[in-house]
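No value in this document is a laboratory result; all are computed from the given coordinates. Nothing here was measured: the structure is a model prediction, and the numbers come from that model. Backbone-built Cβ (ideal geometry, glycine too); neighbour counts: all protein chains shown.
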Amino acid sequence: MEKRLIKKDALSGIINKLSEQMLVYAPVKDEDNVLFKVLEKGMEPLADYSNTRNAPKNFFFPKTETMMRYMRTERGIELSGEGEGAPEMVLFGVRPCDARSFILLDKVFDQEKYKDPYYIDKREKTTIISLACVHPPYSTCFCTSVGGHPMSSEGADVVLTDLGDKYLAEFVTPKGEKLLEKMGDLSKADDAAEATKEELSKKSEEAITSHVAGREIKPWLDENFEHPFWDTIHQSCLACGTCTYLCPTCHCFDISDEVKGSDGKRIRTWDSCMYWLFTKETSGHNPRTSQKQRWRQRLMHKFKYFVDNFDAIACVGCGRCVMYCPVNIDIRKIVNDISKL
Amino acid sequence: MQKNPYIPMPVDLVKIVTEVTTKDIKTFRFSFVNKEDAENFKYLPGQFGELSIFGKGESPIGIASSPTQEGYIEFTVQKAGVVTSALHDLEEGARMGVRGPLGNSWPIDYLEGKNVVIVGGGFAFTTLRSMINYMIHEGNRSRFGNITVVYGAREPGLLIYKDELAAWEKRDDIDMYVTVDKGDEAWTGREGFVPTVCKEVGPSSENAVTIICGPPIMIRFTLPVFFELGFSKENIYTSLEMRMKCGIGKCGRCNVGEKYVCKDGPVFSLAELDKLTPEY
Ligand SMILES: Cc1cc2nc3c(=O)[nH]c(=O)nc-3n(C[C@H](O)[C@H](O)[C@H](O)COP(=O)(O)OP(=O)(O)OC[C@H]3O[C@@H](n4cnc5c(N)ncnc54)[C@H](O)[C@@H]3O)c2cc1C
Ligand code: SF4
Ligand code: SF4
Ligand code: FES
């Protein structure tokens, strides 16, 4: 693995230079929000922000995406295109929890038998530079309880760690090393930098004060699909879907057709298991008619089904659903309450 | 890149058969427009396809033909909502799309060498018909033991595949028990509910497997009959239906517990279902 040092005041220039050669998305200030935007001349990429409200999953799995186009011909309606190929790009400034979410999404979209070409194309053509959380940004962060770490490199191609006056840049994958070639001359990292990083890593881990019993509740979930506890969590839920849309690991989608004149397209859009229509069949039958069942599905999917299938929890502990649920439903509390049953 | 599993293969609608007097169930026969699609579409009874009509959408439908019937594939579809209604409005010669084959199949390898009992109700007989045609095909018949079929519908006009039922009745290598809840003046066959007929027929559970498809109520009353006959949950198979979109385990819509019906099913044994969450 290549390791380099980048002076603090040089980073912005380096990223801006990359953006002259290829598409670079970076966190930038937008009124009171921080959003990933295409970096253009004169824009300043943020390197010390907390996290974006929206998870960066949309770069590989957009909210709305054209899967194919078709048009009316003499013979009927025929395929006219398969959706656009993705450009090479860099995603700069992803937080480690979100970078890790890509590894989890890969397990769904990039399986041996069925590969999702739309996701994989974008994922393959994107190089991810993550920013280690030397100071975990929120009190709601709980990555360490679900298999992550504030300074984890999982899912990243390049990891930047803020060492005070400079960044340690680790080029963890071949894709990352390829990017190094485009970043100009950077001085090699010394052992001292490595030692500082180790120290910061311990401190950052200690700074995560929110803990949940992530894996511990699995045996209970295995046995208790029916349990009075499930009647206690959903009452105030509005079924708004915010939690699932903001979640970096939620991947449910709908497929629908849109026609205009003689042209049409088939698109996919994010969907949510929190909606009652999600499972409703044409006959009227619906296996999940109540919000209780839907909340159980959401929790079970993240902490049991995904673990059964992929040996990983489908939550990276980013805390978004906790922060933005309009009625303050807190998945951490639910998991911890279960652990006490 | 691997072939895009979301892109339907173009097919021509070559034949439409209206199956029932109410006219809302039709069998559609398709032939592939591209030769390589026809060659790649290798399926087994029990699998399904996504029927795709551009501008309307897609519907998952069990494959009603058998792979032993070469040169075409068939689906029997009830007119229900947007896509299935659009399909019912099509005429022979129309071009549309199919994705598949999707899902697992009836447990063919497991059934080999065993007696097979097939129980169907209403128009959920489609992939069972595929299975029957597969088993009685001359190249396959010796691989299976006795074949017993109990098939019922509410009234004679609602029985599907009438010509085939009649042809199967004439064969001596398959025991047919076709029944209707209530006959009409013209009906000379059996009357009685499927569970009752199963009880009368009383197939032995010795070295036998039952595969059953039908309305939930029929299944509910028929299962106890088979338990009583000594069939274990490992030896009763059924096919599940859940709302679907992608058909390939991505869109997250069709899970029952940790299984996706589209990819891990739709066929499950009762023993397998017992291990899953009872939410379907
Ligand atoms: C494995 C499997 C095999 C099936 N086999 C048959 C068959 O052989 N014959 C038949 O007539 N029907 C079958 N169905 C049911 C059939 O898929 C639905 O009736 C059909 O999708 C309704 O679509 P629509 O567009 O007409 O209805 P709309 O209500 O307008 O469309 C809703 C959309 O939701 C989805 N959807 C709605 N209901 C269901 C459902 N019950 N199952 C799956 N997806 C659904 C589809 O994507 C559909 O396009 C099967 C379903 C499954 C899951
Ligand atoms: S479930 Fe909540 S905390 Fe976990 S990854 Fe999703 S949004 Fe973040
Ligand atoms: S954000 Fe809160 S209210 Fe909205 S669906 Fe999720 S749990 Fe329910
Ligand atoms: S239909 Fe999409 S996961 Fe099964």
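Here the simple spin-label model places points 7 Å from the Cα toward Cβ, and for A:LYS17 and B:GLU169 these points are separated by 8.6 nm. Measuring r between the beta carbons of A:GLU206 and A:SER256 and using R0 = 41 Å, the FRET efficiency lands at 0.30. Summing charges over all other residues whose Cβ lies under 9 Å from the Cβ of A:LYS8, with Lys and Arg as +1 and Asp and Glu as -1, gives -1. When only C-alpha pairs under 8 Å and at least 6 residues apart count, what is the relative contact order of region A:218-339, in percent? Value for region A:218-339: 30 percent. The residues B:HIS88, A:HIS135, when put in order of fewest to most other Cβ atoms within 10 Å, stand as A:HIS135, B:HIS88. Ordered by the count of other Cβ atoms within 10 Å of each Cβ, fewest first, B:TYR280, B:TYR134, B:TYR110 give B:TYR110, B:TYR280, B:TYR134. When the protein assembly as shown is described by a simple charge dipole with +1 on each Lys and Arg Cβ and -1 on each Asp and Glu Cβ, the residue from B:PRO5, B:GLY189, A:TYR305 located farthest towards its positive end is A:TYR305. From helices alone, chain B scores -6500 deg cm²/dmol at 222 nm; the rule is -39500 (n - 2.57) for each run of n ≥ 4 DSSP H residues, then divide by the residue total. Between the beta carbons of A:SER50 and B:PHE227, assuming R0 = 35 Å, the FRET efficiency works out to 0.05 to the nearest 0.05.
Is chain B rounded, prolate or oblate when judged by the Cα gyration tensor, a ≥ b ≥ c being the square roots of its eigenvalues, rounded requiring a/c under 1.5 and prolate requiring a/b larger than b/c? Prolate is the answer for chain B, as a/c is 1.5 or above and a/b outweighs b/c. Subtracting the Cα-Cα distance of A:GLU112 and A:GLU281 from their residue separation scaled by 0.36 nm leaves 57.9 nm.
Charged side chains reduced to their Cβ positions (Lys and Arg at +1, Asp and Glu at -1) give region A:218-339 a dipole of some 260 debye around its Cα centre.
Extending 7 Å from the Cα toward the beta-carbon at both A:PHE229 and A:LYS125 defines two label points whose distance is 4.5 nm. Using a 7 Å offset from Cα along Cα-Cβ at A:SER139, what residues in region A:289-329 end up with backbone N under 20 Å from the label point? Those under the cut-off are A:317-329. Put +1 on the Cβ of every Lys and Arg and -1 on every Asp and Glu Cβ in the protein assembly as shown; which of A:PHE59, A:TYR25, B:PRO266 then has its Cα farthest towards the positive end of the dipole? With unit charges placed on the Cβ atoms, the residue in question is A:TYR25.
The separation of region A:173-194 from region A:252-294, counted between C-alpha centres, amounts to 45 Å. In the elastic network of chain B, a GNM with C-alpha springs shorter than 10 Å, the most mobile of B:PRO215, B:PRO156, B:PRO203 is B:PRO215.
Given axes a ≥ b ≥ c from the Cα gyration tensor, I'd like to know whether chain A is rounded (a/c under 1.5), prolate (a/b larger than b/c) or oblate. Cα axes put chain A in the oblate bin. Running a GNM on chain B with Cα contacts under 10 Å, which residue among B:THR76, B:THR127, B:THR188 ends up with the highest mean-square fluctuation? Ranking B:THR76, B:THR127, B:THR188 by mean-square fluctuation puts B:THR188 first.
Placing +1 on the Cβ of every Lys and Arg and -1 on the Cβ of every Asp and Glu, with nothing else charged, gives region B:9-102 a dipole about its Cα centre of roughly 140 debye. Local charge for A:GLU65 was computed over the other residues whose Cβ lies under 14 Å away, with Lys and Arg +1 and Asp and Glu -1, and equals +2. Other residues whose C-beta falls under 15 angstrom from the C-beta of B:GLU228 contribute a net charge of +1, scoring Lys and Arg +1 and Asp and Glu -1. When +1 charges are put on Lys and Arg Cβ atoms and -1 charges on Asp and Glu Cβ atoms, the dipole computed for the protein assembly as shown relative to its Cα centre reaches about 920 debye. For the protein assembly as shown, would you read off the P(r) tail past 42 Å as a percentage of all alpha carbon pairs? Of all Cα-Cα pairs in the protein assembly as shown, 35 percent lie more than 42 Å apart. Using R0 = 51 Å, the C-beta based FRET efficiency linking A:MET1 and B:SER85 works out to 0.30.
Cross-link check: pairs A:LYS265/B:LYS42; A:LYS107/A:LYS175; A:LYS302/B:LYS3; A:LYS57/B:LYS56; A:LYS8/A:LYS41; A:LYS304/A:LYS340 evaluated at a Cα-Cα cut-off of 23 Å; pairs beyond the cut-off: A:LYS265/B:LYS42; A:LYS302/B:LYS3; A:LYS57/B:LYS56. Working from Cα pairs under 8 Å separated by at least six residues, relative contact order for region B:108-239 is 29 percent.
Remark: relative contact order (chain A) = 21 percent; criterion is Cα-Cα distance under 8 angstrom and separation of 6 or more residues.
Using a ≥ b ≥ c from the Cα gyration tensor of region B:108-239 (square roots of the eigenvalues), is it rounded, prolate or oblate, where a/c under 1.5 gives rounded and otherwise the larger of a/b and b/c decides, a/b for prolate? In terms of gyration-tensor shape, oblate.
Of the peptides A:147-159, A:76-88, B:142-154, the ranking by mean beta-carbon count within 10 Å, highest at the top, reads A:147-159, B:142-154, A:76-88. Each part reduced to its alpha carbon centroid, region A:5-57 and region A:71-95 end up 26 Å apart. Taking only the C-alpha atoms of region A:11-83, the Rg (one decimal) and the largest Cα-Cα distance, Dmax (whole number), read 18.3, 58 Å.
Taking every residue in B:252-264 and counting other chain Cβ atoms within 10 Å of its Cβ, the average works out to 5. Taking the C-alpha atoms only, the angle from helix B:126-136 to the longest principal axis of chain B is near 70 degrees.
Could you give the Stokes-Einstein D for region A:2-126 in µm² per second, using the C-alpha Kirkwood radius, 25 °C, 0.890 mPa s? My calculation gives 146 µm²/s for D. With the simple spin-label model, which puts each label point 7 Å out from Cα in the Cβ direction, the A:LYS29 to B:ASN34 separation comes to 5.2 nm. Once you reduce region A:301-322 and region A:119-171 to the center of their Cα atoms, the two points are 18 Å from each other. Considering only A:THR269, A:THR249, A:THR232, the mean-square fluctuation computed in a Gaussian network model of chain A, springs between alpha carbons under 10 angstrom, is largest for A:THR232. Between B:VAL149, B:VAL209, B:PRO107, the Cα set farthest toward the positive side of the dipole of region B:107-231 (charges on each charged residue's Cβ, about the Cα centre) is that of B:PRO107.
By the helix-only formula, in which each DSSP H run with n ≥ 4 contributes -39500 (n - 2.57) and the sum is divided by residues, chain A has a 222 nm mean residue ellipticity of -8500 deg cm²/dmol.
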